[in-house]
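Data block below; observations after.
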Amino acid sequence: MTETDDDALTPIVIAGGGIGGLTAALALRQQGHNIVLLEKANEISEVGAGLQLSPNACSVLQRLDVLKDLEAFAYAPDGLRIWSGENGKQLARVELGKFIRERHGNPFWVIHRADLQRVLLDRAQKTPGITIRLSCEVQDLTPSPYDHLVCIYRLGEETANQKCKALIGADGVWSRTRRHVPGHVNARFSGQVAYRATVPIDQVDDKFARDSGLWLHRNSHLVHYPIRGGRELNIVALAREDWSDETWSAKADKDAVLRVFKDWPAETRNLLGKPERWLKWALCSVDGSGPWTHGHVALMGDAAHAMLPFMAQGAAMAIEDAAILAKHLPKNVQNIPSALRSFERDRKPRASHIQGISRGNARTFHYSGPMAFARDTVLRLTKPKSLAARFDDIYGWTPEQ
Ligand SMILES: Cc1cc2nc3c(=O)[nH]c(=O)nc-3n(C[C@H](O)[C@H](O)[C@H](O)COP(=O)(O)OP(=O)(O)OC[C@H]3O[C@@H](n4cnc5c(N)ncnc54)[C@H](O)[C@@H]3O)c2cc1C
């Protein structure tokens, strides 16, 4: 199927209004496509607390002109302090803030996911040519006799159709669109869970209130950073646990969190005791080396390559995917399947590389004994700017590449 001028009005359908789907809607619209975004939830409201938004993600958001709208909600930590979760001593500091901004031309921000999602949604809703439909669960895609495709979706109890020229599956780790890609790989539970909560910043010790923090312990670790312009602290406590659930928002019990972190230093247990409300998330991944495209269907973001959050790059990769997908789909693209394959070829090496780094961190963060000693010694001996420079290939990426 090739595109003619008449077909140019036929929309691209995006399944999923998460960070990846909304960014793709804006990027593809910037190329001149009409977009219909179908989201199965009845409102787009992001739970799940904070997100580290690294310069590579910010470079895409800058190009889409949404970075300035995010600034009021963001917080730019001066550094990331790495601590031993065994004895409470500081191991290292990674220089962020001004250093990263000057090095990569874009900020390293931490932000509440809801703030990022709301800014993207507001922009998409105000952009002519983008239609967002809620409570619409994409179910199927069929060819029609009229040289276009029909996306079938469920709207309440009804089934509805949407003519389209391509279907982009931005429907997350449990993607349904994935079924349209033969040989696809499904999500796998990693045996690890993340407990997430936020707490007003004035309730926490000064030590936690400014820089980001990463605490390392055998079989568990803790991450915290200020969000909402520095008014709240986001806390993520990760541990091995045999549990899984396909939702962002399974409730968790504070006592259960404290039990998992029972042999941690008192100051971290005090911090974990502050939030009244905890959410728990089963950490799953999708092997990004599997197929992402088939004909007029492409997967992106977590649907294509969900990764463990040990490099804090999952959403950043979904945002990067959106920019590169749009680059391969100019308005008058003649051969959509070929363009989607080019997108896959372009993105796969980077997504797989960063998945590999995340898997590696999953091991090193939880070392014990001599391996932990060796890791901590290297951290102690490395200067803050050198530690930051180790991430140049991740943070220095821009959509122009
Ligand atoms: C503990 C934790 C911490 C993390 N921290 C970071 C971080 O600091 N930085 C970072 O970059 N990343 C981080 N991530 C990863 C990041 O959250 C994900 O990679 C990112 O949200 C993926 O975005 P997405 O748009 O691909 O998918 P999702 O955000 O999952 O969005 C998918 C959307 O599709 C909708 N949907 C599903 N099925 C259908 C259907 N059939 N039809 C229509 N709609 C459908 C869903 O309702 C949802 O709205 C973290 C993840 C975890 C678990």
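Coordinate-derived values only; no laboratory data. Remember, it's a predicted structure, so these values are computed and weren't measured experimentally. Ideal geometry is used to build each Cβ from the backbone, glycine not excepted, and the neighbour counts take in all protein chains shown.
Taking segment 149-181 as the range and being small (Gly, Ala, Ser) and within 10 Å of the ligand (Cβ to nearest atom) as the test, the residues that pass are GLY169, ALA170, GLY172, SER175. Scanning segment 150-180 for residues that are assigned to a strand (DSSP E or B) and either surrounded by fewer than 18 Cβ atoms within 10 Å (Cβ to Cβ) or at positive phi (or both) turns up VAL150, ILE152, ARG154, LEU155, GLU158, THR159, ALA160, ASN161, LYS163. Cβ-Cβ contacts under 9 Å between residues 6 or more apart (or on different chains), taken from a first residue in segment 273-297 that is under 30 Å from ARG259 (Cα atoms) to a second residue that is in a strand (DSSP E or B) and more than 15 Å from the ligand (Cβ to nearest atom), are listed as LYS274/VAL199; LYS274/PRO200; PRO275/VAL199; GLU276/VAL199; ARG277/LYS251; TRP278/LYS251; LEU279/LYS251; LYS280/LYS251. Remark: pairs (first residue in segment 60-79, hydroxyl-bearing (Ser, Thr, Tyr); second residue part of a helix (DSSP H, G or I); Cβ separation under 9 Å; 6+ apart in sequence or on different chains) = TYR75/ARG228; TYR75/GLY229; TYR75/GLY230.
For the residues ALA303, ALA389, the requirement of being of a type in the set (A, V, I, L, M, F, W, C) and more than 24 Å from HIS221 (Cα to Cα) singles out ALA303. Restricting ASP122, ASP147 to those that are outside any loop (DSSP other than H, G, I, E, B), touching a residue at least 24 places away in the same chain (Cβ under 8 Å) and surrounded by fewer than 16 Cβ atoms within 10 Å (Cβ to Cβ) reduces the list to ASP122. In the set LEU141, LEU134, only one residue is within 15 Å of the ligand (Cβ to nearest atom) and under 24 Å from GLY290 (Cα atoms); that residue is LEU141. Filtering segment 166-205 to residues that are in contact with a Gly (Cβ under 7 Å, 6 or more places away or on another chain) and of a type in the set (A, V, I, L, M) leaves ALA170, VAL185, ILE201.
The combined condition, being in a helix (DSSP H, G or I) and farther than 29 Å from VAL150 by Cβ, is not fulfilled by MET307.
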